[in-house]
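> Just passing along the structure, written as structure tokens.
No lab work stands behind these numbers, since they all come straight from the coordinates. Quick caveat: nothing in here was measured; it's all calculated off a predicted structure. Cβ placement follows ideal geometry from the backbone for every residue including glycine, while neighbour counts extend to all protein chains displayed.
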Amino acid sequence: MNVIEAINPRRSIRQYTGEVINDEQLKILLRAGFQAPSAHNFQPQEYIVIKDSKTLELIAERHKYAKALPLAGCGIVVCGDLDKESREGSLIADCSASIQNILLAVHGLDLGAVWIGLHPVKEFSEIISEILDIPEHVIPIGIVAVGHPDVQKEAINRYNEEKIHKEKW
């Protein structure tokens, strides 16, 4: 699949078959995350892979937007280490680029995924930090729920000429 074929039809998936992705697929997704650009190449991204059903259920119970996580069967928590990148804005951008790479790789493997936001909602970040024993100098930015899709969604054309400004606003 070429890059444009991956970007344009990619959609968030919240319905899964329950079949868990395999370790080979997981490694491909994590490699994609590591390939994301990083400010000054500080690479502050850290990943927590969750496949334990009890942990996935607990997160879903405590985070109102993580209901799809247990049926997906796998969650990848993307975190940023403030000891590697002290500028929070750059750390968030680096982790967000990593999440986007993972989402595109998911689509390329014909899997389904949804980005579950954590940061900057303090409540969500604290819940995940507590459940997963994340150190204080590490900020959980988002979770990618990944699984085998139980639904096919049509591509959406979001291109909007009205939001394009040339040379100046």
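> Write down Rg/Rh for segment 1-90, rounded to two decimals, with Rg from the C-alpha atoms and Rh from the Kirkwood relation over Cα pairs.
Numbers: Rg = 15.3 Å, Rh = 15.2 Å.
Taking Rh as the inverse mean 1/r over Cα pairs, Rg/Rh reads 1.00.
> Still on this structure, I have one more. What number of lysine-lysine pairs in segment 13-151 show an alpha-carbon separation below 25 angstrom, given a sequence spacing of 8 or more or placement on distinct chains?
Close lysine pairs found across segment 13-151: 13.
> Please express the shape of the chain as an equivalent ellipsoid: the semi-axes are the square roots of 5 times the eigenvalues of the C-alpha gyration tensor, given largest first in whole angstrom. Intermediate values should be presented prior to the final figure.
On the way: eigenvalues 116, 102, 47 Å².
For the chain, the ellipsoid semi-axes come out as 24, 23, 15 Å.
> Where does each of 128-136, 113-121, 97-105 land if you order them by average Cβ count within 10 Å, highest first?
By packing density, highest mean first, the sequence is 97-105, 113-121, 128-136.
> Mean separation of Cα pairs under 8 Å and 6+ residues apart, divided by the residue count of the chain: what relative contact order is that in percent?
33 percent.
> Given the C-alpha centroids of segment 122-169 and segment 33-82, what is the distance between them in whole angstrom?
The distance from the Cα centre of segment 122-169 to that of segment 33-82 comes to 11 Å.
> Hey, another quick one. With only Lys, Arg, Asp and Glu charged, each at its Cβ (+1 for the first two, -1 for the last two), find how big the charge dipole of the chain is about the Cα centre; round to the nearest 20 debye.
Here the size comes out at about 520 debye.
> Hey, another quick one. Given points 7 Å out from each Cα along the Cα-Cβ axis, report the Val151 to Glu61 separation in nanometres with one decimal.
The two pseudo-label positions are separated by 2.5 nm.
> Now for a separate question. Per-residue counts of other Cβ atoms within 10 Å, averaged by peptide: what ranking do you get for 71-84, 34-47, highest first?
Sorting 71-84, 34-47 by mean packing, highest first, produces 71-84, 34-47.
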